[in-house]
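Okay, structure first, notes after.
The values are calculated or read from the model by the stated rules, or taken from the named source; none is laboratory data. The model shown is predicted, which means the values in this text are computed figures rather than measured ones. Here Cβ is always computed from backbone atoms with ideal geometry, including for glycine, and neighbour counts include all displayed protein chains. Ligands, DNA and RNA are excluded from the accessible area calculation, which covers all protein heavy atoms including side chains. Shrake-Rupley method; radii C 1.70, N 1.55, O 1.52, S 1.80 Å.
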Amino acid sequence: MRKYLWLLPVAMLMVVLVGCHSNVTEVANVTVNITTPDNNAEIDQGTATNITAEVTSTEDIDKVEFRIDGSLVATRQGNEVATAATNTYAYLWQTATVAEGPHAIEVKAYDTADPAHTGTDTVNVTIVEPPTAPPTVVIDDAPAEGSDVHAPFDVTVTATAQEPGAEITKVDVTFGGVTKTIDAASGTVSFTGTEAPNGEQTILIVATDSLGVTGSRTRTVNVDNLPPTVEITAPAAGATLNGEFDVTANA
């Protein structure tokens with residue numbers, strides 16, 4: 001009997017371990033995955049950007065917080081899901097007044113446990129200056145593309161600003177190195193036709209709006225200022241003429 005006494009401590013240890021194991025509870029797990037925007041994305045300033053995050057948990061979700069650069073900008077309650085199938089929460093971020101440069105987006109979810117378990121995801125984005133929309137330029141009248149021009153000729157143009165709130169302040173029309181300015185959105189300028197040599201030449205029109213944004217258009221024309229040639233077919237050179245006579249010519 002004595003030889004089995006050494007087993008007693010081992011059996012007691014096993015009982016303790018079993019008892020301890022029976023008291024272990026599973027820890028709730030909350031995970032957050034920001035699905036838009038992408039990490040390191042560039043966002044045009046003024047663009048409304050949808051921030052979305054998928055949230056999963058072993059418990060019910062109590063709330064989801066959205067932070068920009070550490071500041072709380074929105075809170076969604078657990079039942080305020082944007083897409084139920086993926087348990088996605090969303091916040092529409094208006095960036096019109098957000099400074100250009102890097103910003104951190106953080107989404108933090110809380111479950112209903114007491115104390116609550118949390119999960120967090122963060123992405124970094126950069127707000128950039130949006131591309132500008134140049135004014136449009138329309139050549140209203142002749143000369144047509146590729147047409148012949150003779151001295152003098154007119155160019156009539158109309159420009160329209162495309163940036164919100166902007167107006168056209170001037171339109172510069174350049175031909176043969178000579179620039180003429182229209183201090184309005186539309187107008188007509190005249191050229192003598194001698195500003196450029198004969199042959200193919202380009203008319204350049206540049207419109208400028210009140211924000212300093214420019215838009216341009218070109219038109220190619222053929223300058224033809226050569227004088228006409230005249231051939232006298234009668235009378236012949238050196239002919240002796242008496243009385244009335246006719247003169248005929250080809251031009």
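A few remarks follow.
- Between residue 94 and residue 136, the modelled label-to-label distance comes to 2.9 nm, taking each label 7 Å out from Cα in the direction of the beta carbon.
- The alpha carbon centroids of segment 45-80 and segment 156-172 are separated by 43 Å.
- Charge tally around residue 104: other residues with Cβ under 13 Å, Lys/Arg +1 each, Asp/Glu -1 each, net -1.
- The chain - percent relative contact order, Cα under 8 Å, separation 6 or more: 14 percent
- Using the average count of surrounding beta-carbon atoms within 10 Å as a protection proxy, the listed peptides 172-182, 94-104, 195-205 rank, highest first, as 172-182, 195-205, 94-104.
- Normalised per residue, the accessible area of segment 76-192 is 53 Å², obtained with a 1.4 Å probe and no contribution from ligands, DNA or RNA.
- Leading residue at positive end of dipole, the chain (Cβ point charges), from 142, 153, 130: 130
- Translational D in µm²/s for segment 68-154 (Stokes-Einstein at 37 °C, 0.692 mPa s, Kirkwood Rh from C-alpha pairs): 176 µm²/s
- Percent carbon-and-sulfur accessible area, the chain, ignoring ligands, DNA and RNA, probe 1.4 Å: 53 percent
- Two-decimal log10 I(q)/I(0) for segment 123-251, as the Debye equation yields it once each C-alpha is a single scatterer, q = 0.11, 0.12, 0.23 Å⁻¹: -0.55, -0.60, -1.24
- In the chain, a dipole from Cβ-located charges (positive for Lys and Arg, negative for Asp and Glu) runs towards its positive end, and of 77, 218, 162 it is 77 whose Cα lies farthest in that direction.
- Compactness relative to 2.2 N^0.38 Å, alpha carbon Rg of the chain: 2.28
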